[in-house]
2 protein chains.
Amino acid sequence: MAGETTDTTTPIDRSRRPFKLDEASAILSRTPATLDALLRGLPDGWIAATEGGTTWSPFDVVGHLIHGEQTDWVPRAKIILEHGEARPFDKFNRLAQFTESAGRTLPELLDTFAALRRKSLDELASLHLTAADLDRRGRHPELGVVSLRQLLSTWVAHDLDHVVQISRVLARQYSDEVGPWRAYLRIISGNQG
Amino acid sequence: MAGETTDTTTPIDRSRRPFKLDEASAILSRTPATLDALLRGLPDGWIAATEGGTTWSPFDVVGHLIHGEQTDWVPRAKIILEHGEARPFDKFNRLAQFTESAGRTLPELLDTFAALRRKSLDELASLHLTAADLDRRGRHPELGVVSLRQLLSTWVAHDLDHVVQISRVLARQYSDEVGPWRAYLRIISGNQG
């Protein structure tokens, strides 16, 4: 009967992937080179561009990613493995880059980020995480109980979120210059596409 | 009087830049290497990922960018310079990549895009565009009268829009895996940030 027929043509859902450590690492390992290719050597006006007000420039975002390597991802993974839910994560300082990046150049920040990311991924590999480890839980100071799998998935999405942010900051510099094409450019119109 | 005081502390507006050909070329020349750094060698599941339905994968987007080099940006610039508003642009086929990329691999597409982009920028440089040239006008089949400056500004924003799209498609694969962090990730929540 029709209801019992196995539908072999049903497409795989390509809009979601389950977390896999090697697939996550494949993204994480590429972020420094991606930002390097996009930003190194660009005219200063692009590097200092913002979306107005207190929004961040590409320079600010790279500093934020450096601070994340130093205090967020691997340090929090170790807290989960060593302390579980007993010790909440330290709060993350979202504004640290405004003091820590002062007086530095973008090429310096890109080099620092690349070196720290390599070190983070080496440390991650050295933990030899099992599926059981990924289920282990810690405590976020605001979000409550979270798993190691969720932390590492967030690391990946957070990288990509900031690639988006940098690209958006740059594109919106031409919000007026594109003229009537504005309607077609989701990055400028703000429409979800 | 206060109303006549010149305010020398007014910050420069860093949220908009006027179009400059060298600054635009600086972005355009970096897009192939940016996508190469982000995508080459990634596991196939990432390359074929979509946002569901008929949305595009990273593989589809690179094919779309190739078609743009072949039929959109420099060809339209030449139509403006040669025919002005008298000859409307040819319509752009937004679905061309679904036939043109068939049977090809992502590394092939990345190589093709990089080669075509180099050729496009060489052609652009060979036009020795003046400020007066940038004011010249053509006719878009749907948007009406547009300037060469607007076309070239749109080329830049369009590149960055697709860097955003690819990053978003990848990040949203982990929409469920990030758990409670979803609230903090604009790329997944869809919030403007």
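The values are calculated or read from the model by the stated rules, or taken from the named source; none is laboratory data. None of these values were measured; they are calculated from a predicted model. Every residue, glycine among them, receives a Cβ derived from its backbone with ideal geometry; neighbour counts consider all protein chains shown. Protein only, heavy atoms only, side chains kept; ligands, DNA and RNA dropped before computing areas. Shrake-Rupley method; radii C 1.70, N 1.55, O 1.52, S 1.80 Å.
A compact table of results
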quantity	calculated
Whichever aspartates and glutamates have a C-alpha closer than 17 Å to that of A:Lys119, once near sequence neighbours (fewer than 8 apart) are set aside	A:Asp22, A:Glu69, A:Asp72, A:Glu108, A:Asp111, A:Asp159
Full-extension gain in nm, B:Val145 to B:Thr71, via 0.36 nm per residue minus C-alpha separation	24.8 nm
Exercise: per-residue mean of other protein chain Cβ atoms within 10 Å, B:138-148	2
Exam field: A:Ala183 pseudo-label spacings to other copies (7 Å along Cα-Cβ), nanometres	3.9
Span-like helix ranges in chain B, DSSP H, alpha carbon extent 27 angstrom or more, Kyte mean at least 0.5	none
With every protein chain in place, the stretch A:76-193: carbon and sulfur % of accessible area (1.4 Å)	50
Space enclosed by the convex hull of the alpha-carbon atoms of the protein assembly as shown, per residue, Å³	193
Theoretical FRET efficiency, 1/(1+(r/R0)^6), r = Cβ-Cβ of B:Thr105 and A:Ala86, R0 45 Å, to 0.05	0.35
Per-residue mean of C-beta atoms belonging to partner chains within 10 Å, peptide B:37-50	4
Compactness of the stretch A:103-151, expressed as Rg and Dmax over alpha-carbon positions, Å	15.3, 44
Dipole magnitude of the stretch A:10-142, debye to nearest 20 (Cβ charges: Lys/Arg +1, Asp/Glu -1, about Cα centre)	320
Rounded FRET efficiency, nearest 0.05, which uses the C-beta distance separating B:Ser189 from B:Ser29 and R0 of 56 Å	0.95
Sorted peptide list for B:127-134, A:89-96, criterion being average Cβ within 10 angstrom, highest first	A:89-96, B:127-134
Using a 7 Å Cα-to-Cβ projection, A:Ala102 label spacings across copies, nm, ascending	6.1
Shape parameters for chain B, alpha-carbon atoms, Rg then Dmax in Å	20.1, 73
Nitroxide proxy distance, nm - points 7 Å out along Cα→Cβ at B:Arg40 and B:Lys20	3.0
Cβ-placed point charges (K, R +1; D, E -1), dipole of the protein assembly as shown about Cα centre in debye, nearest 20	240
